[in-house]
Amino acid sequence: MKKKKASDGKYGPGAQSTVRSAMKRLESGTLKSGKSGRGGRVKSRKQAIAIGLSEARQKGDKVPPPRRRKSA
């Protein structure tokens, strides 16, 4: 059985920097949602993190797949 190292986390360093970048854009008021930024400015911290993770996935960084909603 393989022993876990501290570097075997769920999120890679590339993903961390992408989310950090999204948070800085949130704070400066330039982060926009939706396709090609047409959805308006993002005000929620949670939404900014979700956008950062989505961008990291598109770049191919180490990020777990998004959570699936449970059907009713």
Being modelled with pLDDT of 95 or more, out of contact with any strand residue (DSSP E or B) (no Cβ under 7 Å at 6 or more places or on another chain), basic (Lys, Arg) and surrounded by fewer than 16 Cβ atoms within 10 Å (Cβ to Cβ) narrows 45, 67 down to just 45
Scan the range 48-72 for residues that are closer than 21 Å to residue 38 by Cβ and either of a type outside the set (Ser, Thr, Tyr) or not in a helix (DSSP H, G or I) (or both) and report the count. 9
Near pairs, Cβ below 6 angstrom, 6+ apart or cross-chain, from the range 26-42 (closer than 16 Å to residue 53 by Cβ and touching a residue at least 12 places away in the same chain (Cβ under 8 Å)) to any residue that is of a type in the set (Ser, Thr, Tyr) and in a loop (DSSP other than H, G, I, E, B): 42/33
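The values are calculated or read from the model by the stated rules, or taken from the named source; none is laboratory data. Please read these numbers as outputs of a predicted model, since none were measured by experiment. As a convention, Cβ positions derive from the backbone with ideal geometry for all residues, glycine included, and neighbour counts pool all protein chains shown.
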